[in-house]
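What follows is a short report on a single structure.
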Amino acid sequence: MPNRTPLTRFLIEAERAGQINPELRLLIEVVARACKSISYAISKGALGGVLGDAGASNVQGEAQKKLDVLSNEILLEANAWGGHLAGIASEEMDEPHPIPDAYPKGNFLLLFDPLDGSSNIDVNVSVGTIFSVLRCPDGVTTPETSHFLQPGSQQVCAGYTVYGPSTVLVLTVGHGTHTFTLDRETGSFILTQRDLRIPADAQEYAINASNARHWDAPVRRYIDDLLAGKAGPRGKDFNTRWVASMVADVHRIMTRGGTFMYPVDAKCRDKGGRLRLLYEANPMAFLVEQAGGAASTGTQRMLDVVPTGLHMRIPVILGSKNEVAEYERYLREG
Ligand code: F6P
Ligand code: MN
């Protein structure tokens with residue numbers, strides 16, 4: 001088929017342009033291959049015997065699904081032996097996962113949420129994988145938690161997949177955000193949109209409205225003004241969309257704009273928020289900024305936050321940049 005750019009070709013061209021080195025190219029290829037395996041496992045559904053609870057909890061106290069565990073294992077196994085990594089951190093593991101001694105070590109740190117959207121796993125609704133790549137500090141061969149605690153602005157690569165009606169991979173290495181679609185006939189990710197651009201203004205927003213009674217006053221005021229529509233202070237009608245898989249909600253925003261919010265509220269204040277900084281908020285923030293959007297805690301640019309723990313949680317607003325700025329204004333004004 002003419003004019004198709006598979007991921008491999010895209011990455012070789014990025015390497016020739018000096019945007020990535022061979023080690024990062026290998027890393028991305030390996031993660032993409034692992035995501036393909038996850039995609040195939042998910043698509044088997046009940047026929048693959050992969051639905052349901054694993055019978056254990058992760059470090060965050062969340063019940064693990066069989067597919068959470070399987071996706072984590074697929075990503076760990078795929079990334080162990082290539083020689084491109086110094087260490088791995090995952091939502092599903094308390095501590096960083098060392099590269100087995102049998103294999104050479106590389107210079108990168110890989111962080112991931114192996115399967116985002118837990119509540120949708122068993123009900124045939126889109127879920128996904130989110131990943132972030134950092135450099136391992138010079139001279140460190142066995143990275144510890146502290147070495148992973150870098151602000152998101154230090155990421156060299158970030159991406160997510162959505163396992164939906166089609167499987168897509170959305171990727172940045174700091175030179176725009178690009179979408180690849182899995183061609184199940186050839187097994188290749190094919191470039192289907194170069195340089196995504198998120199519209200500056202939003203018509204849609206995503207928030208879990210069942211938390212409304214827990215929201216802080218400025219968040220409530222902001223949402224009330226959106227709900228008031230054309231007749232209200234915003235002078236415009238907004239639509240709500242909430243998939244409850246961050247990957248799917250963010251992918252909609254990547255495709256046609258809007259915002260996604262998970263504010264800190266009375267229910268999750270003791271934890272600092274709902275979503276995790278290092279492998280959920282930061283990679284999405286990098287991808288969104290590279291697509292011309294904005295990502296914030298509500299009071300600070302997400303990528304400037306200095307992490308204090310591997311599984312640190314953070315309030316999130318991201319998407320169309322004018323709307324993110326508007327939300328920040330409500331929070332500033334209190
Ligand atoms: O990983 C966390 C996550 O599953 C996100 O994908 C999603 O946005 C959020 O949790 C939904 O959480 P809740 O159902 O508690 O609002
Ligand atoms: Mn998640």
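The values are calculated or read from the model by the stated rules, or taken from the named source; none is laboratory data. All values derive from a computational prediction rather than experimental measurement. In this analysis, Cβ positions are derived from the backbone assuming ideal geometry, glycine residues included, and neighbour counts consider all displayed protein chains. SASA here: full protein model, heavy atoms, side chains in, ligands and nucleic acids out. Shrake-Rupley method; radii C 1.70, N 1.55, O 1.52, S 1.80 Å.
Given the criterion among the hydroxyl-bearing types (Ser, Thr, Tyr) and more than 22 Å from residue 169 (Cβ to Cβ), identify the matching residue among 40, 103.
103
Would the stretch 260-269 turn up any residue that is outside any loop (DSSP other than H, G, I, E, B), at negative phi, more than 16 Å from ligand 2 (Cβ to nearest atom) and open to solvent by 10 Å² or more (accessible area, probe 1.4 Å)?
Within the stretch 260-269, the subset outside any loop (DSSP other than H, G, I, E, B) is 260-262, 269.
Applying the additional criterion that residues be at negative phi yields 260-262, 269.
Next cut, more than 16 Å from ligand 2 (Cβ to nearest atom) only: 269.
Next cut, open to solvent by 10 Å² or more (accessible area, probe 1.4 Å) only: 269.
Taking every residue of the stretch 260-269 in turn, at least one turns out to be outside any loop (DSSP other than H, G, I, E, B), at negative phi, more than 16 Å from ligand 2 (Cβ to nearest atom) and open to solvent by 10 Å² or more (accessible area, probe 1.4 Å).
Answer yes or no as to whether residue 114 is in a loop (DSSP other than H, G, I, E, B) and either within 15 Å of ligand 1 (Cβ to nearest atom) or open to solvent by less than 30 Å² (accessible area, probe 1.4 Å) (or both). Please lay out each step first, then the result.
Details: in a loop (DSSP other than H, G, I, E, B): no; either within 15 Å of ligand 1 (Cβ to nearest atom) or open to solvent by less than 30 Å² (accessible area, probe 1.4 Å) (or both): yes.
Considered against the rule, which asks whether it is in a loop (DSSP other than H, G, I, E, B) and either within 15 Å of ligand 1 (Cβ to nearest atom) or open to solvent by less than 30 Å² (accessible area, probe 1.4 Å) (or both), residue 114 comes out as no.
So, residue 200, is that one away from ligand 1 (no atom under 16 Å from the Cβ) and out of contact with any helix residue (DSSP H, G or I) (no Cβ under 7 Å at 6 or more places or on another chain) or not?
So residue 200 does not fit the description; no.
List the strands (runs of 3 or more DSSP E) that sit entirely inside the stretch 143-259 and contain at least 2 residues that are under 22 Å from residue 280 (Cα atoms). Break it down into steps so the answer makes sense when it comes.
Details: elements: 157-163, 167-172, 177-183, 188-193, 204-206.
The qualifying strands (runs of 3 or more DSSP E) are 157-163, 167-172, 177-183, 204-206.
Check 152, 164, 106, 187 and return the single one that is on the phi > 0 side of the Ramachandran plot and at pLDDT 95 or above.
The unique qualifying residue is 187.
Give the number of residues within the stretch 182-205 that are in contact with a strand residue (DSSP E or B) (Cβ under 7 Å, 6 or more places away or on another chain), closer than 23 Å to residue 289 by Cβ and surrounded by 13 or more Cβ atoms within 10 Å (Cβ to Cβ).
10
Let's see how each residue does on (1) of a type in the set (D, E, K, R); (2) modelled with pLDDT under 95; (3) away from ligand 1 (no atom under 16 Å from the Cβ); (4) open to solvent by less than 70 Å² (accessible area, probe 1.4 Å):
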residue	(1), (2), (3), (4)
207	no, no, no, yes
237	yes, no, yes, no
247	no, no, no, yes
272	no, no, no, yes
282	no, no, no, yes
285	no, no, no, yes
289	yes, no, yes, yes
310	no, no, no, yes
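Of all residues in the stretch 20-36, which are touching an Asp or Glu at 6+ places or on another chain (Cβ under 9 Å) and assigned to a loop (DSSP other than H, G, I, E, B)? If you could, list the steps in order and put the result at the bottom.
Narrowing the stretch 20-36 to residues touching an Asp or Glu at 6+ places or on another chain (Cβ under 9 Å): 21-22, 24-25, 34.
Listed by number, the list holds a single entry, 21.
For the stretch 67-87, check the following and say yes or no: at least one residue is within 15 Å of ligand 1 (Cβ to nearest atom), open to solvent by 10 Å² or more (accessible area, probe 1.4 Å), at pLDDT below 95 and of a type outside the set (A, V, I, L, M).
Within the stretch 67-87, none of the residues are within 15 Å of ligand 1 (Cβ to nearest atom), open to solvent by 10 Å² or more (accessible area, probe 1.4 Å), at pLDDT below 95 and of a type outside the set (A, V, I, L, M).
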